[in-house]
1. At what distance in angstrom do the alpha carbon centres of the range 1032-1110 and the range 306-348 lie from each other?
2. Which whole-Hz couplings ³J(HN,Hα) result when phi for each residue of the range 937-952 is put into the Karplus expression 6.51 cos²θ - 1.76 cosθ + 1.60, θ = phi - 60°, listed in order with x for Gly and Pro?
3. Mind computing the radius of gyration and Dmax over the alpha-carbon atoms of the chain? Å is fine for both.
4. I need the phi-derived Karplus couplings for the range 803-809: 6.51 cos²θ - 1.76 cosθ + 1.60, θ = phi - 60°, integer Hz, Gly and Pro marked x.
5. Mean residue ellipticity at 222 nm from the helices of the chain, using -39,500 (n - 2.57) per DSSP H segment of n ≥ 4 over the full residue count, to the nearest 500 deg cm²/dmol?
6. Given Cα pairs under 8 Å that are at least 6 residues apart, what percent is the relative contact order of the range 412-518?
7. Straight-line reach only, C-alpha to C-alpha below 28 angstrom: list the lysines that Lys234 could link to, leaving out same-chain residues fewer than 8 apart.
8. Just to verify a number: FRET efficiency for His1009 and Lys456, C-beta to C-beta distance, R0 = 35 Å, to 0.05?
Amino acid sequence: MRLFVFLAATTALFGQGLTQISGTVTDPSGAAVVGATVEILNLDSGATRSTTTDGSGAYNLPQVQPGNYRLSVAAPGFSTTAVDNLRLLVNTPVTQNIRLEVGAVSETVSVSAEATQINTVDATVGNTFGTKPVLQLPFEARNVVGLLALQPGVTYAGDNLQGSYRGGNVNGGKSDQANVTLDGVDVNDQQNRDPFTSVLRVTLDSVQEFRVVTTNANADQGRSSGAQIALVTKSGTNEVHGSAYWFVRNKITNANSFFNNSAVSAQNPNGVPLAKLNRNIYGASLGAPIVKNRMFIFGNYEGRKDRREDSVLRTVPTATLRQGIVRYIRSDGSIATVTPQELASRVDPLGIGPNQAALQVLNQYPLPNEATAGDGINYSGFRFNAPVRFDSATYIAKLDAYLDREGKHQAFIRGNLQDDKNMGAPQFPGLPPNNTNLQAPRGIAVGLNSVFAANKVNVFRYGITRVSFENTGISDQPFVSFRSIDLPQGSARAFIRTTPVHTFSNDFTWNKGKHELKMGAQMRIIRNNRTNYANSFPSASTNSSWLTGSGAPLNAPFPDMAAAGRVAYRDAAMAVMGIVTQGNAVYNYNKDGSALPIGAPIVRQFNAEEYELYFQDTWRVTRNLTITGGLRWSLMPPIYEANGIQTVSRQPLNEWFNDRVAFANAGQSQDQVTPVTYVLKEQDGGRDLYPFHKKNFAPRLSVAYSPDQKTSIRAGWGMFYDVMGAGLITNYDASAFGLSTSLTNPSARLDLATAPRYVGLNRIPDGLLLPAPPAGFPAQAPNVFAIINSLDDALNMPYTMNMNFSIGREFGNGYFVQAGYVGRQSRRSLISEDIAMPTNLRDPASGQTYFEAASMLHNHVNAGTPISQIPRMPFWENMFPGLATSTMTATQAAYDEYAYNAPDYTYALYGMDVFCYPACSKLGPYAMYNRQYSYLRTLRSIGFGSYNAFQLTARKRWTDGDQVELNYTWSKSIDMASTPENSTGTQGIITNAFSRRQFRAPSDYDARHQWNANFVYGLPFGKGEKWSTENGLLNAIVGGWQLSGLYRQASGLPTSVGNGRFWPTNWNITGYATAVDTFADGTNKSAPAPPGGRGGVNIFQDPAAAVKAFSFTAPGQTGGRNIVRGDGNFNIDLGLGKRFNITEAQTLQFRWEVFNVTNSVRFDPLSATADLSNLGSFGRYTDTLSLPRVMQFALRYEW
C-alpha cells in the first residue's frame, strides 16, 4: 500500500529504454517496393505502430517499446507478409528485411522470426539479455547489474571484490564511469559510483531486459566514458501472469574458507569453524490488465534475511609482546629478544621501559591464531567468524497506459521503495557491531512516448532517484591507537547522507528520407546532504616514524638488527613503552568563524547540476551501408556548497605549485613561495572549486556495412567525457581549511625523552595536539608542516577517445560469431599528487639536481663505499657548502647523513633543510621543503592511459530464449593511476610530482586474458521436446529439466612490492621497492618461509629469494609499480532446474544452484603483505578473490 500511495503522489511524465526496427521491402526480383504499409503489433499489449516504405523501399520505426511483436507488410499486387514472434530488445536496433510474393493482399504469407543478432546500424558493442537468462542464470546475491560482467572487455575480479575499483572496469576505463539507467532514468550513486551497482535494487523478477553498450555509445547515450547499462522494468500484459519464489541457503551444504581452515591454533586445532550462513530470499510478482489493450499493471515484492558470519582478520599483539618483550630479526635471519629490563636500560632514556597502561590494553586482545598478518613475532593475525545481520525489503510497481485508441501516446509510472538494515561485524568477538548501516532508497519514473506522425516520435521523461544512507557508527570519543595493531574497540563514526537526483530529458526522432535525425536534452539536479562525524574527534598514535630519526634511536642499541626489520621492531617497542608521538587535532567552524564543539557533526549540502544536448543523424546511404554521426555537448558547472560554507586558496594551487617548480629550477629557495591562504567563495579572491568548462563537445562517428544482411562490418570512434563533479565531494569535504581544519603535529620534533606517554585508549596525552588556528577569513595555513588533502582549482574534465572495429556473422539456426578490436585513449584523468613534496632543487652552476645527486649517494650506500672514497658532487659542494668540515668534503658529509638514515632519505634531507643539521644549504632553511605543508595531496587532471584489446564473442540462441554464449578478451591496459576520482586513500597517488611518468604501468585491473561464458539450456526430453513419449508419467519424470551456468576466468592481476615505512622521495608516500634481479611470482600454496616467518601460501614461489630481488628505492624514484603478478579470478557457477506442469498455465520449478562448484581458491594479489619492512610475512596472502563453495535451493511458482 505504501508504494501505491507513493506513486499516486507523482504527476509528472516520463519515458523508458526503447529500441527500433528498420529494414527494406523488396519484390521477388529484389527491386524496392515503394509505399508498402509496415505495421507492428505488440503481442502483449495489443498496441500497434505503422509506417510506409520510402522511395528506396526502406522503412524505420524508431522509439519502439521492447517486447514481442508481429510485423506485417502489405502492398498492392503482393500477398501480405507476416513475421510472427519478432523479439525487439532494449537499445538493440533490429534490421528485418522483407521480400514480398506476388499475390492478393488478402493472402497472408507467414514467416518465422529468427532473432537477429547482427547490428547493421552503428558501431556500439555490447550484449543483450532477455527475460529468461535474467531469471534462470545462477546469480550470486541475485544482482542483475552483475550481468555487466558477462561481456567481453569487462574485468570481473571475483565475488569477494564486488564494489572494488579493481572490478567492473570496462575496456580499460575506471570502475566509477559506468552509467546505469532504469526505464531511462539515472539510478547511479552520484557520489560513490560503485561498479555493478544500481542505487535502486533491481530484482530479477522485475527486469524485462538488460542491455550493455561497453564502447562507442551513440550521441543519444554515453553520459560517461564507461559502460552504458540499460534496464527495463516489466510491464503488465493482456494476460494475468505472476510468480512466487523462495531461495534458501544454509551452511550445511557450504565449504569453509581457505583462511578459516588454515587458522590453526591452540584454541582452534582444526582451524576456525565453518561460518554460519542462513539466507532467505523470497518474493512475488504480478502482472495484469486493468483495461484490456489500454492499461496494465505490474508489481514485485522481494524480501531478504541474512543471519550469517563473515571471516574477519585483525592484527593483535603476540603473547610475548603483551608481556613487554619485543623481538626483532637479526641480519642473519635469527630472532633476538629485548626484555622489559633492556627496554628500560638500553632504549628508554627516562628508564621507564614498558608502560603499564599500554600493557593493560595490549592484554585485552585475544591471542593470535594465524600468521598472515603482522610481522609474525611481535604482532600477528587473529581470525574469527563475526556475526552479521542483514534485512531488506524491496517494492516495485509499474503502471502502463495507452492514452488513445490508436496507441500513439503511451505513458507509464514506475516506483521503487527499499528498506535495508545491515548490522556489520564487531571489532572482536563479544563486542557490538562496529556500525549499523541503514538504507532507504526511493525512486519514481514517469514518462510519455508520443507518435506525432509515422516519421516523428517524441519521448519525454522525468525521474527522481533518492539515496538515503545512515551509518550509525559506534565511536563518539577520541582514541589512541597502537601503530600496526588494530584498535581493541570499533572506531567507526556516524554518517548520514541523502542524495536526491532529479532527471529531465526529451528525445525527438524524425525520419526524413534516408536520414533518421535525433536530437535531445538532459538535465540532472543533484543535491547531496551530509551529516558527518568523521572529522569531529581528535586522535593519536604510537607512530615510530613520527620520532626524531624516524624512530632510529629505538634500534640504535642493536646493531645486528636487519634493516628490513627495523620498522616492525620500532612499532612494537613504541606500543610496549606507550610512546605517543602523532596527534591529529580537528577544529570545525561555522561560516561566521564561530567554533563547533568537539564531537559536533559537520553538516553540508553540496549541489550540482548537469546539462547535456545532443544531435545525431543515422544516414542509410544504401541498403547495405549506414553511417551514424552525432555530437554531444556536456555542461557541468562546478559543485558548490549551498550555504556558502566553501573555501578556496587565494592563489590557485596549480599556480602555487608552478611557482615552486620555477624556484627550484632557478636554484632558489622555497621560502620565496607565497604562503597558502584560504578565503570564502564570496570573498575577494574567492572562486569556484574549479572552472566551469563550456567546451566539452564530444563527437561520435560510426560506419556499419552489411553486404548480405548476415555479415556486419563496423567501425566507430567517439569522444566521451568522464562524470566528475559529484564524486569530488568526498575529496573536498575532508579538506575545507578554515571550516573543517585537521592539523597533525609535525613529525621528528619529539624524541624518546620528550614524547608523551600512553594514559588510556580514549585519552590523548596533554601537549600533543596543536592549538586551534585563528578563526575567520582570510585564513593562512599555519607553518606546522601539515598533512592535508585538497583539490586543484584548475581541474579539467577528463575524457577518453574510444575506437573499435568488428566483423560479425550470423550462420543461421541462432549461431553468431563476432571478432573485433577495441581501443581507448584516456586524457586528463583525475590523479592525486603531493604538490608540497620536497623539490628537485637545481644547482645553477653545474645544472646538477638534488635527485641526481641524492641518487648517487644512494648507490654508494648500497655499495658500502667507504666515506673516504666518496667523490665530490657539484650539487652538494655548491648548494650545501656549509656541510664541509676539516676532514670531510660537503659531499662526504651529506653521504654520512644519508648512510645513517638510509633508506629514509627524505628524513636525511629534512634534518639538513629544516633543522640545519649538520648544515643548511646556502639558501637557508626550507630551501626545498615547504613550511606550511609536508604533504598537500591534490587531485589534479594530469593522468593519461591506453587500452587495446582483441575481443571475441560466440553465441547460440534458441527461439524459446535458451542461449549459450562465450566471450574472450586479450588486452593490455596502461595508466598512471587506477583508482576512481572519489578515492581519498593513499592508493594510486603519484610519488614524484616532478616526474609523473614514473607511475605509468599496467593498470591495477590489467588482466591480459579473460574468458566468461553463460548458458541456459532446457534438456530436450519430455512432452513437446525432441525426445518424448506417450507415457505421461515418464514425460513428467524426464521432462522439464534445465541446466544453467556461469564461467569466469582471468589471468593474474598485478601488484607491487612496497618500500616499507621508508620515504626516499616523498615525505608521506613511500612508493614501491625497486626490482634489482629477476624473481618468480605466481601463487605457491606451499612456499618456504620468508626470513623470520613461516611458510605457506605466498605470491612468490620462494619469498626468501624474492626479498633479495628487491632493493629500497633511490631518491627521486618511484620504484616498480605493478611488476608482480598474482592470481586471477576463476569461478564456475551451475544451476539445475526441474519444472513441473501443474496445469497448462501453472508451473512449479525446483532449482539447485552451486556457486564456485569446484571450490577453487584464487588469492587477491593486493592482499599480499609484500613490503621490505615486514620480512616475516613477505608475500603472504591475507584474502581471496573467490568465495568458498555455497549451495542455494529454490522453489518458483509461475502462472
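The numbers here are math on the coordinates, done by the rules we state, and not lab data. What you see is a predicted model; the values in this text were computed from it and never measured. Because the Cβ atoms are built from the backbone with ideal geometry, glycine has one as well, and the counts that use them run over all protein chains shown.
1. That distance is 26 Å.
2. Ordered by residue, 3J(HN,Hα) equals 5, 10, 7, 9, 9, 10, x, 8, x, 8, 8, 9, 8, 9, 10, 9 Hz.
3. 32.8, 115
4. 9, 7, 9, 8, 10, x, 9
5. Details: 14 runs with 113 residues, N = 1199.
The helix-only estimate for the chain comes to -2500 deg cm²/dmol at 222 nm.
6. Values: 228 pairs, mean separation 27.9, N = 107.
Reported as a whole number, the value is 26 percent.
7. In chain and number order, the partners are Lys132, Lys292, Lys305, Lys398, Lys408, Lys421, Lys456, Lys518, Lys956, Lys1138.
8. Working: r = 48 Å, r/R0 = 1.38.
Between His1009 and Lys456 the formula returns 0.15.
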